[in-house]
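Here the structure comes first, spelled out in structure tokens, and everything after it is commentary.
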């Protein structure tokens, strides 16, 4: 490899040029700091600083005793949803039931739409007023409001506003696929926090914070994949722990808010300096209406707002108008409340059918999915279920630490008869 330069910037640019030209490829190990410093006739600190800059730019990564290695491009990772046209019954997709989604075109037709131009306010004031009524009871009185293109976009922007590559982020373990992929793409290290039926486990969060995490991402209710929600008592325990780490950014992803059957309990203590509560509408109105409300401290809102300036990436006013029209519609809101009850009933049908067959699911649960711990080999169970015509998710795709033996089953479209038939065939697969 041809590396030259006498300054940090020159060495960094020289290596980056070699990578872009394809002469340095993923997996190749850069020379040890001492060796390259001697070769270039510079101080070892100069080479070390250049390597740190390569890591921060996500061009390289440190691998302990293996040295500094050119990074491979992060893959997309496993995604929610399934391939169209699959002959299998989809219990893996994590999707809402399309039949329960309100029609945005009907709401838009009633509300009408006025085109917006460059230079106009980036946030519809009427939508903001509606959002503040939703967010206000769960936030500090002085919170600031921002919009983002869905929960994953909001979390990605929040992390980018404060963190750099290789920083550690505490997340639930098992974890939402969108969060796993976001952290991987940003070069951030996920530190798993174990969960139970009441949310994040305090001892596990304490251990993660002790490792030097710079941010915590928590799903306070309807956690995907397990369905757990943070209880009032557990939230108090987590707040007391986080109060000792006021510098840590705390993000609450309340993605199921309008459909949730469990109350919201925040884990953000008064001592936390930078925080955000994210509420998206994708589960309520469908993934195509990708918009999220973000309540946060003023500094965080300012940083996010810089990314929403006119001419760059503001949230489409057509999208804002559609969401506002739905939130203003009594018919749509009645439909949403009914959908929340329907999802709860369908989860209950599956959990009850499982219990009748001696299979224990995590309960109570909220959201679109049911988490089923198993002792059998998940790969074999998933394969055998596929032969029976069912598509489900293995639990280990959601794991941060050690693989977990579990299945995640999307219950959003199940009725009683289908639930019972699935569980009977699942029991047979578990006994094989």
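A compact table of results
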item: Count - residues of the range 245-272 that are in a loop (DSSP other than H, G, I, E, B) and either within 18 Å of residue 293 (Cβ to Cβ) or in contact with a helix residue (DSSP H, G or I) (Cβ under 8 Å, 6 or more places away or on another chain) (or both); result: 19
item: Test: residue in the range 71-81 that is crowded, with 16+ Cβ neighbours inside 10 Å, modelled with pLDDT under 90 and more than 22 Å from the chain's Cα centre (by Cα); result: yes
item: Wholly enclosed helices (runs of 4 or more DSSP H) of the range 125-238 bearing at least 3 residues surrounded by fewer than 23 Cβ atoms within 10 Å (Cβ to Cβ) and at pLDDT below 95; result: 125-135, 151-162, 177-186
item: Residues that are free of Cβ contacts under 8 Å to residues at least 24 places away in the same chain and under 21 Å from the mean Cα position of the chain (by Cα), drawn from the range 366-400; result: 394, 396
item: From 185, 89, 190, residue being farther than 26 Å from residue 325 by Cα and in contact with a helix residue (DSSP H, G or I) (Cβ under 6 Å, 6 or more places away or on another chain); result: 190
item: Among residues of the range 94-103, those that are over 24 Å from the mean Cα position of the chain (by Cα) and either in a loop (DSSP other than H, G, I, E, B) or surrounded by 11 or more Cβ atoms within 10 Å (Cβ to Cβ) (or both), counted; result: 2
item: Complete set of residues in the range 352-383 that are surrounded by 20 or more Cβ atoms within 10 Å (Cβ to Cβ) and over 13 Å from residue 426 (Cβ atoms); result: 362, 365, 366, 367, 368, 369, 371
item: Tabulated pairs, the range 104-117, first touching a residue at least 40 places away in the same chain (Cβ under 8 Å), second exposed (fewer than 11 other Cβ atoms within 10 Å of the Cβ), C-beta under 9 angstrom, 6+ apart or interchain; result: 104/288
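The values are calculated or read from the model by the stated rules, or taken from the named source; none is laboratory data. Predicted model only: the values in this text are computed from it and were never measured. Methodologically, a virtual Cβ is constructed for each residue, glycine included, from the backbone with ideal geometry; neighbour enumeration extends over all protein chains shown.
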